[in-house]
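Notes follow once the structure below has been shown.
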Amino acid sequence: MITTLTLRSIIPTISPKPTISKMNPVQCNDNNEKNVVSPRKWKGKGKPSYGTSRRSVIKKSFSQEQVQFSSPISTTDPVVGIIGGGMSGLLCALYLEKRGIKSTVFDTGIHGLGGRMGTRIIDPQPLIFDHAAQFFTVTDPKFGEMVDEWSKKGLVRQWHGAVGEIEAGGPFVPFPSSPPRYIAVNGMRPLADSILSETSLVNVVRQSWVSKLAPYNGQWYLSEKGKPCGNFDAIVIAHNGKCANRLLASSGLPLIARQMKRLDLSSIWALLAAFEDPLPVSTIEFEGAFVKGVDSLSWMANNTKKLFGSGSSGPHCWTFFSTAAFGKQNKVPQESIPSTTAEKVKEAMLEGVEIALGLQKGSLQRPFYSRVQLWGAALPTNSPGIPCIFDPHGRTGICGDWLLGSNLESAALSGMALANHIADYFQSGGTSPDEFAVGLDNKFEPLNGHDIGQFPGLESQGQINKAHDLQLTT
Ligand SMILES: Cc1cc2nc3c(=O)[nH]c(=O)nc-3n(C[C@H](O)[C@H](O)[C@H](O)COP(=O)(O)OP(=O)(O)OC[C@H]3O[C@@H](n4cnc5c(N)ncnc54)[C@H](O)[C@@H]3O)c2cc1C
């Protein structure tokens with residue numbers, strides 16, 4: 001049974017909000033190539049520069065002219081291009097299908113869809129680790145219905161193993177079993193790969209890295225390093241971070257680009273480690289724990305027990321996550337981690353495990369398999385607190401966890417909300433675009449939560465006190 005506490009209080013109803021006053025439109029409704037967006041002169045202080053530094057990308061984002069489609073929308077067969085196949089992009093496609101709208105999802109995933117719903121399977125044993133999202137909670141009834149459906153199909157189930165908090169060598173303190181915690185039965189990535197399996201209006205293109213958006217002839221043309229990816233009546237940016245900022249820098253969507261630029265993201269190290277023997281956890285044999293008071297560790301979970309049950313035998317696969325502070329201190333380019341950094345991080349995190357479990361330094365058994373990975377754009381630390389962003393003149397929307405919070409439920413709700421908003425916009429024929437502008441100038445507020453996300457009902461006492469203090473002082 002799914003709990004049906006409501007997120008309504010934090011999801012404002014999407015209301016018409018005519019906010020597109022600063023635009024300098026470029027028409028894209030006829031066949032004239034001049035209508036393709038070209039960057040306007042930089043009007044800020046100093047010399048314009050369109051190099052590749054962070055500052056120049058910002059200048060470029062803010063100085064570009066706004067695309068303005070004015071051709072009628074195809075009411076018979078509009079198609080949406082969704083860039084990003086994480087939870088938000090997948091649910092956006094699913095909910096567009098529910099409204100009879102076709103879409104194509106592009107995702108970079110090598111092994112599968114899902115983005116931060118990653119599962120790593122190491123053959124031949126195999127060793128299985130969820131290496132980002134570990135579990136999720138449900139508060140919204142709409143997401144609850146979705147989770148019920150997944151549950152009936154055998155894709156997700158409740159995680160009954162003990163989950164709680166542990167403070168540097170102190171006792172493990174279990175969280176109550178309610179609100180329930182859910183896991184994907186075979187790991188998060190198989191869940192992501194299944195979400196669109198019964199759709200007929202969704203086309204999935206993987207492994208594809210969309211590198212350019214160009215408006216032409218009343219549509220968006222997407223391409224990957226010069227190779228065409230198709231043309232679409234509207235597009236959805238369902239990813240964030242450096243990649244999205246680059247894609248938006250010269251897209252002709254300055255309002256969307258500005259909102260994306262306001263997002264701050266943490267960095268988190270993941271250590272996947274397989275041990276021959278069980279770890280000496282504590283008097284209560286826990287399966288997942290938020291770790292307090294240890295610099296290098298914020299979460300540890302026995303993924304073998306989580307996925308295969310407490311009676312499972314064989315190697316013990318643990319996923320450990322660092323704190324965001326440790327991630328920041330030890331940040332390197334995530335695509336090319338120097339081996340010395342990888343080794344240093346691994347040792348610091350294993351030492352963190354010893355401290356968390358109150359073991360003597362050097363006494364922890366060595367893992368027979370280990371791998372570190374940096375999530376360079378791990379979790380949002382601020383949010384506009386709105387389900388989605390939509391620029392009706394540029395026929396482009398954004399969905400993602402960061403619009404509402406930092407967890408899978410936020411990502412799912414954001415994807416659903418954007419799909420319904422785009423469907424309503426299409427239904428309107430696009431004749432009163434300003435009524436469909438949403439989230440283009442919402443202010444961002446800091447997000448509180450655990451280093452690996454927000455889990456309503458599972459906040460630590462420290463976080464409840466912090467939230468309470470904030471309420472009293474604002
Ligand atoms: C270490 C860690 C632990 C976490 N633990 C939990 C947890 O236990 N519970 C929980 O609820 N949440 C957790 N989260 C958060 C959760 O994973 C995210 O909130 C959620 O997965 C975000 O989904 P999304 O669709 O917004 O983005 P993403 O999952 O990031 O999806 C974006 C997708 O877009 C793709 N993409 C990017 N650029 C392009 C491009 N140019 N072309 C095509 N595709 C592109 C990416 O490859 C990616 O697949 C965790 C996150 C991290 C990093």
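No lab work stands behind these numbers, since they all come straight from the coordinates. For clarity, every value in this text was computed on a predicted model and none was experimentally measured. Note that we place each Cβ from the backbone using ideal geometry, even for glycine, and neighbour counts take in every protein chain shown.
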Response to the item:
For region 105-228 the mean separation of alpha carbon contacts under 8 Å (6+ apart) over residue count, i.e. relative contact order in percent, is 32 percent
Worksheet item: Using the 10 angstrom Cβ neighbour count as an exposure proxy, how do 235, 82 rank, fewest first?
Response: 235, 82
Practice prompt. Take the alpha carbon atoms of region 365-383, find their center, do the same for region 244-276, and report the distance between the two centers in whole angstrom.
Written response: 15 Å
Worksheet item: Hey, what's the Cα Rg ratio for region 119-264 versus the globular rule of thumb, 2.2 N^0.38 Å?
Response: 1.39
Response to the item:
Note to self: C-alpha centroids of region 281-354 and region 419-439 sit apart, in Å, by 44 Å
Worksheet item: Given labels modelled 7 Å from the Cα in the Cβ direction, how far is it in nm from residue 363 to residue 123?
Response: 4.0 nm
Practice prompt. Using per-residue counts of other Cβ atoms within 10 Å, averaged over each peptide, order 154-162, 247-255 from highest down.
Written response: 247-255, 154-162
Practice prompt. Find, among the chymotrypsin sites (Phe, Trp or Tyr not before Pro) in region 348-381, those assigned to loop by DSSP (not H, G, I, E, B) with at most 12 other beta-carbon atoms within 10 angstrom.
Written response: 368
Fill in: Filtered trypsin sites (Lys or Arg not before Pro), region 193-254: DSSP coil and at most 16 other beta carbons within 10 Å
225
Discussion item. Loop only by DSSP, 10 or fewer other Cβ within 10 Å of the Cβ. Give me the GluC sites (Glu not before Pro) in region 347-436 that pass, ordered by residue number.
Written reply: none
Response to the item:
For the table 227/344; 306/361; 212/261; 292/328; 242/443, the rows whose alpha-carbon distance is greater than 29 Å are 227/344
Discussion item. I'd like the per residue volume of the convex hull spanned by the Cα atoms of region 290-422, given in cubic angstrom.
Written reply: 159 Å³
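Need one number: the % of Cα-Cα pairs in region 215-359 sitting beyond the 22 Å mark.
Working: 5983 of 10440 pairs.
So the pairs more than 22 Å apart make up 57 percent of the total in region 215-359.
Mean shadow of region 307-353, computed from the convex hull of its alpha carbons, in nm²? Each step should come with its number before you reach the end.
Details: hull surface 19.0 nm².
Dividing the Cα hull surface by four gives the mean projection, 4.8 nm².
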